[in-house]
Amino acid sequence: MQDPNADTEWNDILRKKGILPSKDSLNELEKEAEEEEEQRILQQSIVKTYEDMTLEELEENEDEFNEEDERAVEMYRQQRLAEWQATKLKNKFGEVLEISGKDYVQEVTKAGEGLWVILHLYKQGIPLCALINQHFSGLARKFPDVKFIKAISTTCIPNYPDRNLPTIFVYLEGEIKAQFIGPLVFGGMNLTMDELEWKLSESGAIKTDLEGNPKKPIEDALLSSVRGCVPLRRGSDSEED
């Protein structure tokens, strides 16, 4: 079959009789087809990449979308907005909040659904309380989705005994899930932030990235040392040897 686009005498005759379009018309049709193809490729590229765009980029490029793309983009925009709001809500803390007794109900009991709250009752002048407050600041930054708060003990619980300090209460939706009372629970002034993190993670309040209890190797070493110092019983195999 002869190519209708070829420059032949026969095609010229057909063009004069209007059977074939003129060369100018043919060039315009080809140009329009090329432009349509470029637009189609552009739209495919936009649709393919909008999932990688931020909310700001979606706003900037919304004029490039056709009607079908706009529906898809709007659904995706709402999804991204919901994710952003959830992340913002989840990471809304990041520092230790100081409260008093009058704030307790609002900040602890009514803290919110699914929200963990860790409260440190302390008193100034007690070194271990100061150490735990320092560790709380680091843990609050590391776990911004958890609400770390502190309060002078007697402002929350009148006549709370100093011998019970430091005290940490762990709450979920206003209910106590764990409590750590008194200096012996924390192991004294040698308490590290990792050890406190591990202790709190066992309550479920935080998801630690520590692979194991940082204090366990020390406990194992102490236990081995104690066992080595225990005198053998009379009549043991060692005496018989």
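Read through the list (1) within 23 Å of G112 (Cβ to Cβ); (2) touching a His at 6+ places or on another chain (Cβ under 8 Å), then give the number of the only condition that L191 fails.
It is condition (1) that L191 fails.
Tell me, please, whether a residue that is open to solvent by 40 Å² or more (accessible area, probe 1.4 Å), of a type in the set (D, E) and in a helix (DSSP H, G or I) can be found in segment 188-210.
yes
Filter segment 89-146 down to residues that are under 17 Å from Y160 (Cβ atoms) and among the hydrophobic types (A, V, I, L, M, F, W, C), then give me how many there are. It would help to see each step written out before you state the result.
Applying the first criterion (under 17 Å from Y160 (Cβ atoms)) to segment 89-146 yields 98-104, 108, 119-126, 128-129, 132-133.
Those still in the list that are among the hydrophobic types (A, V, I, L, M, F, W, C) too: 99, 108, 119, 121, 126, 128-129, 132.
Number of matching residues: 8.
Are any residues in segment 146-178 assigned to a strand (DSSP E or B) and either surrounded by fewer than 14 Cβ atoms within 10 Å (Cβ to Cβ) or among the β-branched types (V, I, T) (or both), and if so, which ones?
I149, I152, T167, I168, V170, E175, I176
I'd like to check something: does segment 104-124 contain any residue that is surrounded by fewer than 21 Cβ atoms within 10 Å (Cβ to Cβ), modelled with pLDDT of 95 or more and among the β-branched types (V, I, T)?
The answer is no, given that none of the residues of segment 104-124 is surrounded by fewer than 21 Cβ atoms within 10 Å (Cβ to Cβ), modelled with pLDDT of 95 or more and among the β-branched types (V, I, T).
Quick check on my filter: what residues within segment 104-129 are within 27 Å of the chain's Cα centre (by Cα) and farther than 15 Å from I176 by Cα?
The one that is within 27 Å of the chain's Cα centre (by Cα) and farther than 15 Å from I176 by Cα: Q106.
Working only within segment 153-168, note down all residues that are closer than 23 Å to G187 by Cβ and not charged (D, E, K, R).
The answer is S153, Y160, P161, N164, L165, P166, T167, I168.
The values are calculated or read from the model by the stated rules, or taken from the named source; none is laboratory data. Keep in mind that what you see is a predicted model, and the values were worked out from it rather than measured. Methodologically, a virtual Cβ is constructed for each residue, glycine included, from the backbone with ideal geometry; neighbour enumeration extends over all protein chains shown. Note: areas computed on protein heavy atoms with side chains; ligands, DNA, RNA excluded. Shrake-Rupley method; radii C 1.70, N 1.55, O 1.52, S 1.80 Å.
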